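Enquirer: Sending over a structure as structure tokens; questions will come in a sec.
The values are calculated or read from the model by the stated rules, or taken from the named source; none is laboratory data. What you see is a predicted model, and the numbers here were worked out from it, not measured in a lab. When we count neighbours, we look across all protein chains shown, and the Cβ atoms used for this are built from the backbone with ideal geometry, even at glycine.
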Amino acid sequence: MNARRFAQQIALAAAPALLAGCVDSQSVLNPQSGEAHDLARLFWIFTTVCSLVWVLVVAALLTLLLRRRRPDSTPETDNLEQQSRKTAVVAGLVALTAVILVLFTLGSFYTTRGLIAPGPHPLLIKVTGAQWWWQVEYEDSDPTQVFSTANEIHIPVGRPVTFDLEATDVIHSFWAPNLMGKQDLIPGHRNSLTLTADKPGEYRGQCAEFCGLQHSHMAFLVVAQTPAEFWAWRQAQLKPAAPPASGQQALGQHLFVEGSCATCHTISGAGAGGKTGPDLTHFGSRSTIAAGLMANTPSNLAAWIKDPQELKPGVNMPQVPLSDHDRGAIVAYLEALK
Amino acid sequence: MTIQTEPPRDSSFDDAVLDQRLTEVWGTKPTLWGWLTTVDHKLIGRRYIVTAIFFLFLGGIAALVMRLQLGGPNAHIVGPDTYNQLFTMHGSTMMFLFAVPVMETIGVFLVPLMIGTRNVAFPRLNAFSYWVYLFGGLMLWTAFFLNSGPDAGWFSYVPLAGPQYGIGKRSDIWAQMITYTELSGLAVAVEIIVTVFKMRAPGMTLDRIPLFVWAALVTAFMIIFAMPAVMVSSTMLILDRLVGTHFFNWAEGGDVLLWQHLFWFFGHPEVYFIFIPATGLISSMIPAFTRREIFGYPALVLSLIATGFLSFGLWVHHMFVTGLPRLGESFFTASSMAVAIPSGIQIFCWIASMWDAKLRLRTPLLFVFGFIINFVIGGLTGVMVASVPIDTQVHDTYFIVAHLHYVLIGGAVFPLLGAIYYWFPKVYGRLLNERLGQLNFWLAMVGFNLTFFPMHLLGLMGMPRRIYTYQPEMGWGPMNLLATVGALIFFASFLLLLFNIVSSLRSRTPATDNPWEAGTLEWATGSPPPPYNFARIPVVSGREPLWDRPNSLPVVTGLRVDRRELLVSTLVDAKPDMLLGSPRPTIWPFAAAMVTSVTLLASIFTPWAVVWGALPIAIVFTGWFWPTGVKEEE
């Protein structure tokens, strides 16, 4: 790193507000739902009061430093008047502390109560955490309206969405800070989380509970859309996979379904029904691969298939021996699955 | 009928002869055998502290490697496997091998001196506890260097640490390390309680006990109530892994959250095992630099006790996002907020103590200031994370990393550094260099804040804990680089401390008995203290006995000088009660620690180790307790 770049980085670091302005799609400081706004409001109230308390403590320390008397070694005792004055001040401060704490507790309690008030007709989405990706299933009482995807969650703005959170292996935690606080996914327990996005946008989320080797690369994307856009997306997702449009794509499909890919991955309509890895039926429509590791581009996908362990050490996807030609065909096929 | 000859007692000798006689009886021979067999609380306490600080450096180096890895996005200094081992080793080492032991065993060194006695109660147990602790720590770090370091975090959540996902023997090593350190921790706790209750100098009534001793006492009680929870749960984890007991296996009727409840029922009080003694250190140092008694002694004692009780009602705030009922969580919000009140009382009393005082701005006092400035930040962010809604956002992010380091470093390491500067002359007979000390303070202050303050912002910017790397587009790079630079500065402050220690030890000017002109009993004896601590047991008439009687302390006499003898006093009024022998050096504690350690280590590989190990353990403990008929055991 050269000196100029270093200086630039330091300058950036010194201006957190500026920074928060440019990178804010996974940030507590940029709330984009009613719930996140409530949380942020409480956060800023606490922060303001706490900062004030700290400033007062430091001011007291500075004052006592300025008022200190010339040191000598003879021990002394406070006289009675000093004692009682100090006692009164300390007692007053303790009482003030208690009042602040009671108000804080009440503020927390009522904020929590507001957040868990049930909304009308939430959209139900089941999210299952696994090492190291997210399975997403849109639930519906009509079985023909149910579909699966992975690592990318589309939601309509203005409508409450309830996430049912489960885990099959170890504990994970579902956290998209712009939209809501986090909630753990715990094997053997069912948790849920409800939020309502304010406006369209793409928000990033990430696993927040340490879950093993690739805890760092277990991200997801929440795409909040207008109800019409969401409806269109949903209709597209309900369809089976598009048939191959070229010879190369047809070869790709053949290799995928007849080879080892289909043991783990599902592509509905193409005959691939593996359940241990992400559903790839509409893979081409997603913006990232490997749970937020990289942008979904043909070259990234080719590199990923060539050596997953290089890019995400420890990932459960094995390295499958393929010629460049065959790999290219699979990439072409998958990228066409819009 | 035999003629009973009156044994020699301290009243019949002058000072020089008495020193010689007592040194013969209480001294430790400067040989390897003497070193292995000693039961002197000062030697064992010193050894404990030095070992803990050695582990501090190991844990610190682990942290530094992590900081280098996180200094920029997509770094490749270490891979995910090494990184996970590093943060697990860092947390486990700092909590179990450094912070808790160092705080407890400053008590092993200081408590007998502060209360005017000659050794701790159960000195052989004390020696045993040290060896067990040492072997446990060495086992953990040896495993790490053999690439078998635990990798599931210092909290070892199941199922990640369980039989299905925790590979090799890594989590077993972690769980057994808990057994070693808890065994030694419990032993020391028992010693401290009995020592404080029964061995105080005459006149040291409950309201004259030095505040550090109060803190050590409260901590010892907390350890006795909290540590069994983690010993039980770590044993259950080993059983799940070794013989398939399914305590935590949700598929077989066990429960994943059970682990978290048991762990945090211990884990939250554990924070206070570290913080309460640290506040005791602060309260005991301040009077020497303000030249008057601490303000609000009764309030400070009650705050310590209140913190001790409250700390057992907070554990659920580590579990706010696990899906527990919201109303129940609100109770734990309230209790977590409430613990801020005793902490607040302490802060206000310390400030009141220094208000309008004749302050001597020496290094230990600077660290007191640093402690207040930093700890208050950690305490206030603690109040923030006590709130369930706020915690759902910042839990398991770098905001928490910042918070906990402000509490533990601000709240315990700064007091510890101050205490090192303050009591070093008592321990080693040399004053540390004051100018280097002040430089050390400023380096630590700047380095610490540069490292950890940006982490609050990183957490709010969405950076989760325990990630080994991150992508450049997350925008976390600059702030992380700042934290890494801070960590290097902070580390340098510890190297400076080390340099100061080494160069001061080589200095030729010995420290006086009482270089700070302080008022408590440890300053009434030599620097370093003679093996018997006090030639004659002092009598106490106030909280700062050396200030009450600046020229000479009154003493009690009548203790025998031909055997190790202590004065036992009553619990509340500290009236002399009886004379009691104190055990002599022996190899049995070392031998017992050896066989115990080997058995514990083997038992993570085969359950049969418990069966076969019982035999040598039985032999060694039989030897330890075999009546020998020596004078001390009359």
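Enquirer: Can you name the condition, by its number, that B:Gly267 falls short on among (1) among the small types (Gly, Ala, Ser); (2) more than 15 Å from the chain's Cα centre (by Cα); (3) within 25 Å of B:Leu314 (Cα to Cα)?
Expert: Only one criterion in (1) among the small types (Gly, Ala, Ser); (2) more than 15 Å from the chain's Cα centre (by Cα); (3) within 25 Å of B:Leu314 (Cα to Cα) is unmet by B:Gly267, namely (2).
Enquirer: Which residues, taken from the range A:181-206, are at the interface with another protein chain (Cβ under 7 Å from one of its Cβ atoms) and either of a type in the set (Phe, Trp, Tyr) or in contact (Cβ under 8 Å) with a residue 40 or more places away in the chain (or both)?
Expert: A:Gly181, A:Gln206 - these are the residues of the range A:181-206 that are at the interface with another protein chain (Cβ under 7 Å from one of its Cβ atoms) and either of a type in the set (Phe, Trp, Tyr) or in contact (Cβ under 8 Å) with a residue 40 or more places away in the chain (or both).
Enquirer: If I filter the range A:248-284 down to residues being crowded, with 16+ Cβ neighbours inside 10 Å and among the small types (Gly, Ala, Ser), which single residue comes out as nearest to A:Thr128 (Cα to Cα)?
Expert: Only one residue fits best here, namely A:Gly277.
Enquirer: Can you find a residue in the range B:231-242 that is of a type in the set (Gly, Ala, Ser) and surrounded by fewer than 22 Cβ atoms within 10 Å (Cβ to Cβ)?
Expert: The answer is no, given that none of the residues of the range B:231-242 is of a type in the set (Gly, Ala, Ser) and surrounded by fewer than 22 Cβ atoms within 10 Å (Cβ to Cβ).
Enquirer: If you don't mind, another one. Hey, which of the helices (runs of 4 or more DSSP H) in the range B:347-418, taking only ones fully inside, have at least 3 residues that are of a type in the set (Val, Ile, Thr) and free of Cβ contacts under 8 Å to residues at least 60 places away in the same chain?
Expert: In the range B:347-418, the matching helices (runs of 4 or more DSSP H) lie at B:363-386.
Enquirer: Identify all residues within the range B:226-263 that are out of contact with any helix residue (DSSP H, G or I) (no Cβ under 7 Å at 6 or more places or on another chain), hydrophobic (A, V, I, L, M, F, W, C) and more than 25 Å from A:Asp184 (Cα to Cα); write none if there are none.
Expert: Listed by number, the residues that qualify are B:Leu239, B:Leu242, B:Val243.
Enquirer: Could you list, in sequence order, all residues of the range B:455-465 that are over 28 Å from the mean Cα position of the chain (by Cα) and either more than 7 Å from chain A (Cβ to nearest Cβ) or among the aliphatic types (A, V, I, L, M) (or both)?
Expert: B:Leu457, B:Leu458, B:Gly459, B:Leu460, B:Met461, B:Met463
Enquirer: Of the conditions (1) farther than 27 Å from B:Gln346 by Cβ; (2) buried (at least 24 other Cβ atoms within 10 Å of the Cβ), B:Lys198 clears all except one; give me its number.
Expert: (2)
Enquirer: Here's something else I'd like to know. Could you pull out the residue among B:Trp476, B:Trp516 that is surrounded by 16 or more Cβ atoms within 10 Å (Cβ to Cβ) and closer than 28 Å to B:Gly116 by Cβ?
Expert: After applying the criteria, what remains is B:Trp516.
Enquirer: Among the residues of the range A:42-77 satisfying the criterion of being in contact (Cβ under 8 Å) with a residue 12 or more places away in the chain and more than 7 Å from chain B (Cβ to nearest Cβ), which is nearest to the chain's Cα centre (by Cα)?
Expert: A:Ile45
Enquirer: Could I ask something else about it? Only one of (1) in contact with a helix residue (DSSP H, G or I) (Cβ under 7 Å, 6 or more places away or on another chain); (2) at pLDDT 95 or above; (3) not in a strand (DSSP E or B) is not met by A:His154, so which one is it?
Expert: (3)
Enquirer: Does any residue in the range B:497-523 that is assigned to a loop (DSSP other than H, G, I, E, B) come within less than 8 Å, Cβ to Cβ, of a residue that is of a type in the set (S, T, N, Q) and surrounded by fewer than 18 Cβ atoms within 10 Å (Cβ to Cβ) six or more places away or on a different chain, and which pairs are these?
Expert: Hits for this filter: B:Glu517/A:Ser73.
Enquirer: Out of the residues in the range B:591-605 meeting the condition of being touching a residue at least 12 places away in the same chain (Cβ under 8 Å) and surrounded by fewer than 18 Cβ atoms within 10 Å (Cβ to Cβ), tell me which one is nearest to B:Thr37 (Cα to Cα).
Expert: B:Met594
Enquirer: What are the residues in the range B:154-165 that are buried (at least 22 other Cβ atoms within 10 Å of the Cβ) and among the polar types (S, T, N, Q), if any?
Expert: Selection gives B:Ser156 alone.
Enquirer: Moving on. Please count how many residues of the range B:43-72 are within 14 Å of another protein chain (Cβ to nearest Cβ) and buried (at least 16 other Cβ atoms within 10 Å of the Cβ).
Expert: Counting residues in the range B:43-72 that are within 14 Å of another protein chain (Cβ to nearest Cβ) and buried (at least 16 other Cβ atoms within 10 Å of the Cβ) gives 5.
Enquirer: Identify, please: which residue in the range B:466-504 is touching a Ser or Thr at 6+ places or on another chain (Cβ under 6 Å) and not hydrophobic (A, V, I, L, M, F, W, C) and is, among those, farthest from the other protein chains (Cβ to nearest Cβ)?
Expert: B:Gly486
Enquirer: Might you check whether a residue that is more than 14 Å from chain B (Cβ to nearest Cβ), part of a loop (DSSP other than H, G, I, E, B) and charged (D, E, K, R) occurs anywhere in the range A:312-322?
Expert: no
Enquirer: Please indicate, with yes or no, whether at least one residue in the range A:167-174 is outside any loop (DSSP other than H, G, I, E, B) and over 27 Å from B:Phe399 (Cβ atoms).
Expert: No; the residues of the range A:167-174 include none that is outside any loop (DSSP other than H, G, I, E, B) and over 27 Å from B:Phe399 (Cβ atoms).
Enquirer: Taking the range A:136-176, which residues are under 28 Å from B:His318 (Cα atoms) and in contact with a Lys or Arg (Cβ under 8 Å, 6 or more places away or on another chain)?
Expert: Residues satisfying the conditions are A:Val136, A:Asn151, A:Phe163, A:Asp164, A:Leu165, A:Glu166, A:Ser173, A:Phe174, A:Trp175, A:Ala176.
This table checks each residue for (1) modelled with pLDDT under 95; (2) touching a Ser or Thr at 6+ places or on another chain (Cβ under 8 Å); (3) surrounded by 24 or more Cβ atoms within 10 Å (Cβ to Cβ).
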site	(1), (2), (3)
B:Ile167	yes, no, no
B:Ser184	no, yes, yes
B:Ile193	no, no, no
B:Pro202	no, yes, no
B:Phe212	no, yes, yes
B:Ala216	no, no, yes
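Enquirer: While we're looking at this one, here's another question. Being aliphatic (A, V, I, L, M), in contact (Cβ under 8 Å) with a residue 40 or more places away in the chain and facing another protein chain (nearest Cβ under 10 Å), is that true of even one residue in the range A:78-100?
Expert: yes
Enquirer: Could you look through the range B:373-389, keep only residues that are farther than 12 Å from B:Tyr406 by Cβ and not hydrophobic (A, V, I, L, M, F, W, C), and pick out the one that is surrounded by the fewest Cβ atoms within 10 Å (Cβ to Cβ)?
Expert: In this case the residue turns out to be B:Pro389.
Enquirer: Looking at the range A:27-52 only, could you name the residues that are under 15 Å from A:Thr97 (Cα atoms) and either crowded, with 19+ Cβ neighbours inside 10 Å or touching a Gly at 6+ places or on another chain (Cβ under 9 Å) (or both)?
Expert: Selection gives A:Phe46, A:Cys50.
Enquirer: I need a count of the residues in the range B:27-42 that are in a helix (DSSP H, G or I) and either surrounded by fewer than 21 Cβ atoms within 10 Å (Cβ to Cβ) or polar (S, T, N, Q) (or both).
Expert: Result for the range B:27-42: 6.
Enquirer: Residues to consider are A:Val146, A:Val170, A:Val127; find the one that is touching a Cys at 6+ places or on another chain (Cβ under 8 Å) and β-branched (Val, Ile, Thr).
Expert: Answer to the selection: A:Val170.
Enquirer: Another question, if that's okay. Looking only at residues that are away from every other protein chain (no Cβ under 14 Å) and aliphatic (A, V, I, L, M) in the range B:280-322, which one is nearest to the chain's Cα centre (by Cα)?
Expert: Restricting to residues being away from every other protein chain (no Cβ under 14 Å) and aliphatic (A, V, I, L, M), the top hit is B:Leu281.
Enquirer: So, of the residues in the range A:123-137 that are over 15 Å from the mean Cα position of the chain (by Cα) and closer than 11 Å to A:Phe147 by Cα, which turns out to be surrounded by the most Cβ atoms within 10 Å (Cβ to Cβ)?
Expert: Among those that are over 15 Å from the mean Cα position of the chain (by Cα) and closer than 11 Å to A:Phe147 by Cα, it is A:Ile125.
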